[in-house]
Every structure is written in C-alpha cells, then in structure tokens.
Amino acid sequence: MAGRRRVWIWAAWSLAAVVLVLLAFAAGYRELALPVDSGRLRVQGLPQGVPEVEIERDRNGIPTIRAGSAEGAWFGLGFAHAQDRLWQMETHRRIGAGRLAEAFGPAAVDNDRFLRALGVRQAAARQWEKTQGEGRQALLAYTAGVNAYLSDHLRARPPEFLLLGLRPQRWDPVDSLAWMIMMAWDLGGNWTSELLRLRLADRLDNDRLWQLLPPYPGDKPLTAVDLPQRVREWQVSSNLVDKVMAAAPESGVEGVGSNNWVVSGARSQTGKPLLANDPHLKLSAPALWYFARLEAPGLKVAGATLPGLPLVVLGQNEQVAWGFTNTGPDVQDLYLERLHPDDPERYETPGGGWARFETREEVIQVRGAAPVTLQVRRSRHGPVISDAGLPVTAGLDGRKGGPRYAIAMRWTALEPDPGSLVAGLRFNRARSVEEFMAAAESHTAPMQNIVVADALGEQGHIGFVAPGRIPLRREDNDLRGLLPAPGWEARYDWAGWLDPQATPRERDPQRGWIATANQKVVPDDYPHFLTSEWTLPYRQQRIEQLLQARPKHDLDSLASIQRDDLSLAALPLLPWFRAAAAGDPAVVALAEAIKRFEGRMSGEDPVAALFQAWVRALTEAVLADDLGPLWNSQFSERRQFRDALEGVLARQDSRWCDLQTTSQREDCDLIARQAFQTAVTQLQQRLGPDPRSWRWDELHLARSEHRPFSKVSALARWFEVRVPTAGDSYTVNATRVSLRALPGDADNYLSDHGPSLRALYDLKDPAKSRVIQSTGQSGLPFSPHYRDMARNWAQVRYVPLWAAPGPGRSLTLAPR
C-alpha cells in the first residue's frame, strides 16, 4: 500500500510539474507575442530626417502616432499595424495575391484560381508603376514601418503562424494596392446579378424574372428586352456559373450597406455640424478597422484605418469630418466571348473577326498537395474569369451542337490608376468641404456616397459627393448591364468615362441635413446611368424620419438613431403576419403582443423572433420550388428577395404561392399560415415551449469570423467573437438576417454582416467625437484588446476618438 501511495504522489507531483511548465511556457509566449508598447526601440528604415516616432496607446489600445513629418507618421502606422494585426495583414496579402492555398491547403485552391484569373496582383502592380508623389512616399514609408517590425522586433509569431507553421513575409507596396482592389471587390457585385439573371432565364419567363428581381421602387424596368429570349438566341447553357460563383471571394451580398448623415450648424445644438457614419461590412475577428491618430506638421487626423494602408479612411482632422456609404454602381460588366469552333485560344470580335487571347501561366502552390498549374487568359474586355474552372476552354458551354463561350470581366478597379490612394491621402489633409470635394475627383473605386462637414465660418458647411470612375455606355446598349453581354457586338463596349464633376453632389442644402443609406441618390432626371440596383430605401426613410423628428440634434440624438431597431420593411408584411397568427393556440400567450407589434426588432422581444422566423419560412415557401436548385446556391445566400415577396403578397399572386410539389392548390393566405406554423415549431425546438421566454437576440448573434479558425471547431471559441444583437437587415442598426444558414449555424440567424464601425463626429468640439468597432484593436486573441469593444458595439456605446482620459503607454522608435 505504501509503495502504491508513493507512486500516486510521484504521479501527482509530475503532473503538477508538467502543468506548471506549460503554464510558464504559455505565460512566456504571451509576453513575447504581445507588442512592446513602452520604452525605446532602435529600428531600421526610418525616413530620412525623422529623428524619432512616438506611438502612444490609450487605455482602449488606440495609438496616437507623432512624428516630425508625414513620412514618419506613415512609418509609425505601418509599425503599429504590424504589431497589432500581423496575421490579418498576412491573410490580406495572401488574398490579394491569390496565395491562400499555400497556407490553408486544397480547400483554398478554387479561391486562388479565381483571384489569379481575375489578376488582382497584376492590376496592383500596374497601379504601383503609376503611383507618384505623395502616394508613393506614403506607401514606401508605410512599408518600411511594417518591415522594420518584422526584421528586428517580432519576438514571437502570433498564434495563427505557429499553429499553421508559417512565417510572415516582408510587406510590399503592391500588397497595399492589391488590398484596396479587394476592398472594392467586397463592395461591388453587379457581376453576380448578371449571372443570376442568366441562370433564371432557364427557369422563368421575362415577367416572372422581373417580379423576382424588380426595379427600384418607383422605377420602370431598365430595358424592354425579353431577357430569357435573348439568352435562348445565344444558345447559352449555364453549366459553370455556380462553379465560378463558388470559387469567387464573396461580393454582391445584399444587406452589405452603410448609413451616414450630417446635420448643419443650424440643425445642431452646438451651432456647428455633426456627422454620423456606420459602414456595414463582413464582420471579422479581428475587426476590419483599426483606429489610429496621426500627428505631424500639416497632418492631424484620427479615425479608422485599414491594416495594410497608410491613411485614415474614415475620420476627422482639425477642420473636416467625413463618412462613407457604398453607392453600388454598375462598374462590372461580364462579356460572353464566343470561341472559335476550331481554336479555343481565339474569340470573336466585332465585324466577324477573331482575336487571340493574351495568356499567362499561373502556378498555385498548395500546402500538402501538388502544385496546380493554371492557364489564364485575357480578352479585349479584361480577364477571363471562367478560367478559374477547368478545362480552360470551357466558360459557359453552349447548348449541345452550338457555340462555346468564355466569360470575361471589365471592372473599373482593375484599371491602372492609383487615384483612390491619392484621394484618401488628400482627404486626411483637407481643410474645408470645398477642398475635400475637389480631392474626391481623383477617387476611382469603389464609388462611395461621402458626407462631409467642416467648421469654417459661423455655422460650418456640409456636403455630399459620390466620387468614382463610372463607365459610359452607348445608347444602343439595350442590356444595360443586366446580363452578360455578347462580346462580339461593339455596342456593348464601354464608351469612355463620366466626367468626375458630373457625379452626384450637394452642398449646404436648405433642409439642413444630408443622409445616405445605399438608396437611390440621384433624381429621376439625372442624365447619366450609374446603376439600377440601389438598396431598398427602408433605412434611408427611417433616418429621414428621425432627423426630421426634432429641430436640433446633438451627439446623443445621433447615437439614438444609430441604435434604432424599427424595421420599416416589416410594415407591409404585418397584416399577413397577424392574420397568420390569429387563433394559433401555440402562441395564445403572445396574442396581445402580436397585435401591438410594430416592427421593432428589439433583442428581448419574442414577437421579433417569431416574425423573423415566419418571414424566412414564408420566403422559402413562396420562392424555393420555383427557383429549384438556385435556392440552395450562393444566390440565395447573398440575396433576400424582400421586394419580390412584398410584390407577391400585394398581388396575392397564386402563381408564386402555389407549391409545385403538391397536388393541392395553395393560395398566399394558406402559405402564410403554414409558414407561421413552421416558425412556431422551429422556435419551440430552439427556445423552448413558452413563447413568452423567447428572445430575438438569443437567435440573432453577431459573429465576427476568424480566418481560418472559425472553421475549426476546437479553435473557434478562442478566435471567433460572438455577441447577441438586435435589429435586422432593414433597421438603421443593421445586422443582416440571411435566408439560409451560415456555416456553423443550424438555426440560420447568425449575422455575419453589420456595422463594422460606428462613428459620431463633433465639428465644434472634436474631443467629444466617439467611435466603436466590432471587436477590438488587437489581433492577438489573448490580448485584453482582442474583444473588449464587442459588448459596447452590440449595445451601441462608444469610446473617445481622440485620446481617452487616463495614462497611456508610450513607445519611441529611434533610428539605428
């Protein structure tokens, strides 16, 4: 017995020793991986004439970067980005270069295929060749700052590098420009609509196609062309459309929008303008944005930066504040390139001639597998994106016995013009609304609705401008970007560019405010075509209601607008919802609450949860059988079809409501009741039998996804950030509700798109300006600043934009 006892004691002590060693190792690793944020470091590559750079972080982890020149501030920003967001920068660099498979293996090959075919890295290299002046200085100084950290001050790699066995590579200015192109990709997506219509042409007649994808409220269909008939004339078969969509990085997601508004000094309690902004993007961990302040002679600016770029993208300087929403212009056109019947390396051109594709070979290195060799082509219109699939001779196959095609894309962001970088740097220094709007003329992509305010004069000034490069289309272009166009017909070629001064703009309107929420921003008599795919105007209408509800505003009233959870999109559906609920014994306890429900998507409201579950079930019941395989595709993940559903119910259109899978003749009333029963059953299974205990925010969690560890269940809890949230796709506090389950979400209600940041700017007293983003400043999951902003973000609370009170931690960078 004594011997056995000694063995157990020895084993216990051994286990304790192992645990202590592991804890000591973990503590030591954590200490080394966290950035040095105080003291003095000797660094390589400081710009000439810069004696030192100071990086002072406040209690929220937001740095103030001070230097004797703008080059020094850009260097310091690169150093701080590398300290706090190195893995995020690595993934951004790999995405832009189409090199994800090197790190993540075969699962990332399709994504790399598409990006190599699209030629993002090549386009960025062409832009770098044309980058001169301040743009070149900024990228070189920023790149030197990133690499100074990598060369001598990376004491321990972030955990993602260790777990994947990777080492960070040196940054290059082309990496920054490639990431700018990818940001434009995220905010684009008209090409997906063209492919969707092409697929729908196989299943729907022209009238039903327009019912499913109706024009903007109050507008007429953009063309009288019978789109399915045109597709039949081309003899196009859409066999590879889904494959191209699956390979492409996500874009064209409905509900990825933004809000911004500005009130004049006459409508502000301070006597100077106030400005609000919340751009809605894919939520990620760490957050897309990194707050920073840059101070140098002639430069004092604070706001949201993007790791990888040397500037404040959204923010405030000493005189001006600005905010973006996405315009959503049609700046991507797909072209069907008809292949020569005997030589797939040639394609038809206008006039019946044939041209040879430009070709290049791409080799994709794949972790744990053999390299993949890809032949990619370029036509006179642009990159052949169908070369992302194999074989390269296939794009869209023709009907049996008919012609074969490839798909080429023309897109403004691939043009060799670094104007967006130049515009962004000028925004940081602008001293007035007038100067800001002049700087905006060099911006190319992505086109943005920018509201801007200054503090000049007695009441300051406000303005709106939507800068971006817009293609001109010929009058005889009857497709208007609705379908991939026949590349052999010259009438579908772009005919030049819109004059930058002809884009939408407004200054100091008499009403005293300007607001945008991705709605149609031009009057009906605007003479130029920008797009036909404006976002439904519900958020814009609600913002206007709240701005007009009081004569003067302050920052607290603007915050209450950002917090607003009334969904105007619910109002047309409420009579159907109440009728479907009437007499249902399962929800008798909610009968009065259902009668009182006005569309507020409050987190604690059980009726909000029931309404959302019913809308989802109803949309699927109405559309899924008519769409067939398209319902379970990327299209229904990215679309919400709310305007289509409203139209079906308003017309009581039994052609849509009748289920093809049953012999019964269903009408819309019956389908609405059946959808309600489906919703009740789902919520009972998920939230329990008592409907009074249901909460919308128990279903509706905002998920900030980590690349790639959200896909690894054992690691997701450490790297992913989730918080309960209110709202829906159409509330001002917009948190997207998708029609289909996201990966890892059996209940369908995770939101992976929402306000990536919120900002309120005070032009009278900038010290009162406030911001928040969706996770925190750090990209290290064991940092106290990895997720410390998430709860405040969900509850619409803020931190100071300019330095937070209390002692900070200061790091000085000095030359070697």
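Suppose the filter is open to solvent by 10 Å² or more (accessible area, probe 1.4 Å), under 22 Å from S602 (Cα atoms) and either without any contact (Cβ under 8 Å) to a residue 24 or more places away in the chain or not in a loop (DSSP other than H, G, I, E, B) (or both); does R722 pass it?
Working: open to solvent by 10 Å² or more (accessible area, probe 1.4 Å): yes; under 22 Å from S602 (Cα atoms): yes; either without any contact (Cβ under 8 Å) to a residue 24 or more places away in the chain or not in a loop (DSSP other than H, G, I, E, B) (or both): yes.
In short, yes.
Considering only segment 142-160, how many residues are of a type outside the set (D, E, K, R) and touching a helix residue (DSSP H, G or I) at 6+ places or on another chain (Cβ under 7 Å)?
The initial filter retains those residues of segment 142-160 that are of a type outside the set (D, E, K, R), namely 142-151, 153-154, 156, 158-159.
Right, trim to touching a helix residue (DSSP H, G or I) at 6+ places or on another chain (Cβ under 7 Å) and you get 142-146, 148-150, 156, 158.
Here the count works out to 10.
Exactly one condition in (1) open to solvent by 10 Å² or more (accessible area, probe 1.4 Å); (2) within 25 Å of L198 (Cβ to Cβ) is false for M437; which is it?
All conditions are met except number (2).
Starting from segment 695-709, take each residue that is of a type in the set (S, T, N, Q) and list its partners that are not in a loop (DSSP other than H, G, I, E, B), counting only C-beta distances under 6 angstrom and pairs at least six apart or across chains.
Listed pairs, sorted by first residue: S704/S284; S704/V721.
Considering (1) assigned to a loop (DSSP other than H, G, I, E, B); (2) more than 23 Å from the chain's Cα centre (by Cα); (3) within 15 Å of N449 (Cβ to Cβ), say which one P527 fails and leave the rest.
(3)
Has segment 65-80 got at least one residue that is surrounded by fewer than 24 Cβ atoms within 10 Å (Cβ to Cβ) and of a type in the set (K, R)?
Yes, segment 65-80 contains a residue that is surrounded by fewer than 24 Cβ atoms within 10 Å (Cβ to Cβ) and of a type in the set (K, R).
Could you figure out which of (1) outside any helix (DSSP H, G or I); (2) among the small types (G, A, S); (3) out of contact with any Ser or Thr (no Cβ under 8 Å at 6 or more places or on another chain) isn't true of A650?
(1)
Cβ contacts < 9 Å: first residue under 16 Å from A624 (Cα atoms), restricted to segment 657-676; second residue open to solvent by 30 Å² or more (accessible area, probe 1.4 Å) and among the aliphatic types (A, V, I, L, M), any location; separation 6+ or different chain. Result?
The qualifying pairs are C657/L670; E666/L659; I671/L659; A672/A579.
Can you pull out every residue in segment 747-801 that is in contact with a helix residue (DSSP H, G or I) (Cβ under 6 Å, 6 or more places away or on another chain), acidic (D, E) and within 28 Å of V737 (Cα to Cα)?
Scanning segment 747-801 gives a single hit, D747.
Take the residues in segment 574-584 that are touching an Asp or Glu at 6+ places or on another chain (Cβ under 9 Å) and surrounded by fewer than 21 Cβ atoms within 10 Å (Cβ to Cβ); name whichever of them is nearest to G323 (Cα to Cα).
L574
In segment 598-622, which residues are in a loop (DSSP other than H, G, I, E, B) and open to solvent by 10 Å² or more (accessible area, probe 1.4 Å)? Explain how you work it out, then say what you get.
Keep residues of segment 598-622 that are in a loop (DSSP other than H, G, I, E, B), which gives 598-599, 601-605.
If the condition is that a residue be in a loop (DSSP other than H, G, I, E, B) and open to solvent by 10 Å² or more (accessible area, probe 1.4 Å), then E598, S602, E604, D605 are the ones that fit.
Tell me which residues, restricted to segment 416-425, are in contact (Cβ under 8 Å) with a residue 60 or more places away in the chain and either closer than 19 Å to L763 by Cβ or not hydroxyl-bearing (S, T, Y) (or both). Show your work before the answer.
Our first condition is that a residue be in contact (Cβ under 8 Å) with a residue 60 or more places away in the chain; within segment 416-425, this holds for 416-418, 420-422, 424-425.
Hits for segment 416-425 are P416, D417, P418, L421, V422, G424, L425.
All but one of (1) open to solvent by 20 Å² or more (accessible area, probe 1.4 Å); (2) in a loop (DSSP other than H, G, I, E, B); (3) closer than 22 Å to V521 by Cα hold for L472; which doesn't?
Among (1) open to solvent by 20 Å² or more (accessible area, probe 1.4 Å); (2) in a loop (DSSP other than H, G, I, E, B); (3) closer than 22 Å to V521 by Cα, the lone unmet condition for L472 is (2).
Residues checked against (1) of a type in the set (A, V, I, L, M); (2) within 29 Å of E358 (Cα to Cα):
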position: G135; (1), (2): no, no
position: A141; (1), (2): yes, no
position: V146; (1), (2): yes, no
position: R155; (1), (2): no, no
position: D175; (1), (2): no, yes
position: W185; (1), (2): no, yes
position: L200; (1), (2): yes, no
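Output the number of residues of segment 481-512 satisfying the condition of being within 27 Å of A439 (Cα to Cα), open to solvent by less than 30 Å² (accessible area, probe 1.4 Å) and within 26 Å of the chain's Cα centre (by Cα).
Matching residues across segment 481-512 total 3.
For segment 725-738, which positions are of a type in the set (A, V, I, L, M, F, W, C) and open to solvent by 10 Å² or more (accessible area, probe 1.4 Å)?
Those that are of a type in the set (A, V, I, L, M, F, W, C) and open to solvent by 10 Å² or more (accessible area, probe 1.4 Å): A726, V737.
Out of all the residues in segment 342-365, which are under 30 Å from L164 (Cα atoms) and crowded, with 18+ Cβ neighbours inside 10 Å? Please lay out each step first, then the result.
If we filter segment 342-365 for residues that are under 30 Å from L164 (Cα atoms), which is where we start, we get 361-365.
E362, I364, listed by residue number.
Could you go through segment 585-600 and let me know if any residue there is modelled with pLDDT of 95 or more and closer than 30 Å to D762 by Cα.
yes
Given the criteria in contact with a Gly (Cβ under 9 Å, 6 or more places away or on another chain) and modelled with pLDDT under 95, does V43 qualify?
Values: in contact with a Gly (Cβ under 9 Å, 6 or more places away or on another chain): yes; modelled with pLDDT under 95: no.
So V43 does not fit the description; no.
Consider D112 carefully, then state whether it is assigned to a helix (DSSP H, G or I), more than 19 Å from L177 (Cα to Cα) and within 22 Å of the chain's Cα centre (by Cα).
Taking the combined requirement at face value, the residue does not satisfy it.
Enumerate the pairs (first residue in segment 767-778 and in contact (Cβ under 8 Å) with a residue 12 or more places away in the chain; second residue anywhere and among the acidic types (D, E)) with beta-carbon separation below 7 Å, excluding pairs fewer than 6 apart on the same chain, so at least 6 apart or on different chains.
Final answer for the pair search is K768/D762; S769/D762; G776/D788; Q777/D84; S778/D84.
Output the number of residues of segment 635-663 satisfying the condition of being open to solvent by 30 Å² or more (accessible area, probe 1.4 Å), in contact with an Asp or Glu (Cβ under 7 Å, 6 or more places away or on another chain) and closer than 18 Å to S729 by Cβ.
1
Considering only residues that are in contact (Cβ under 8 Å) with a residue 60 or more places away in the chain and either at negative phi or open to solvent by 40 Å² or more (accessible area, probe 1.4 Å) (or both), which ones fall in segment 786-799?
Filtering segment 786-799 down to residues in contact (Cβ under 8 Å) with a residue 60 or more places away in the chain leaves 786-791, 793-794, 796, 798-799.
Selection gives Y786, R787, D788, M789, A790, R791, W793, A794, Y798, V799.
Quick one: count up the residues across segment 516-554 that are open to solvent by 10 Å² or more (accessible area, probe 1.4 Å), of a type in the set (A, V, I, L, M) and in contact (Cβ under 8 Å) with a residue 12 or more places away in the chain.
Qualifying residue count, segment 516-554: 4.
Residues in segment 168-184: is at least one touching a strand residue (DSSP E or B) at 6+ places or on another chain (Cβ under 9 Å) and in a loop (DSSP other than H, G, I, E, B)?
no
In segment 205-220, is there at least one residue being in a strand (DSSP E or B), more than 30 Å from G98 (Cβ to Cβ) and modelled with pLDDT of 90 or more? First the steps, then the outcome.
Narrowing segment 205-220 to residues in a strand (DSSP E or B): none.
Within segment 205-220 (the criterion being in a strand (DSSP E or B), more than 30 Å from G98 (Cβ to Cβ) and modelled with pLDDT of 90 or more), the answer is no, since none of the residues qualifies.
Taking segment 315-374, which residues are more than 30 Å from A97 (Cβ to Cβ), polar (S, T, N, Q), under 29 Å from the mean Cα position of the chain (by Cα) and part of a loop (DSSP other than H, G, I, E, B)?
Q319
So which residues in segment 275-287 are within 21 Å of T731 (Cβ to Cβ) and either of a type outside the set (D, E) or open to solvent by 10 Å² or more (accessible area, probe 1.4 Å) (or both)?
Step one: list which residues in segment 275-287 are within 21 Å of T731 (Cβ to Cβ), which gives 275-283, 287.
Residues satisfying the conditions are L275, A276, N277, P279, H280, L281, K282, L283, A287.
Can you find even one residue in segment 684-692 that is among the acidic types (D, E) and buried (at least 18 other Cβ atoms within 10 Å of the Cβ)? Show your work before the answer.
Step one: filter segment 684-692 for residues among the acidic types (D, E), giving 690.
In the following step, the residues that additionally are buried (at least 18 other Cβ atoms within 10 Å of the Cβ) were identified as none.
No: segment 684-692 contains no residue that is among the acidic types (D, E) and buried (at least 18 other Cβ atoms within 10 Å of the Cβ).
The values are calculated or read from the model by the stated rules, or taken from the named source; none is laboratory data. Quantities reported herein were computed from a predicted structural model and do not represent experimental measurements. A quick note on method: Cβ atoms are made from the backbone with ideal geometry, for glycine too, and the neighbour counts reach across all protein chains shown. Keep in mind that these areas ignore ligands, DNA and RNA; they rest on the heavy atoms of the full protein, side chains included. Shrake-Rupley method; radii C 1.70, N 1.55, O 1.52, S 1.80 Å.
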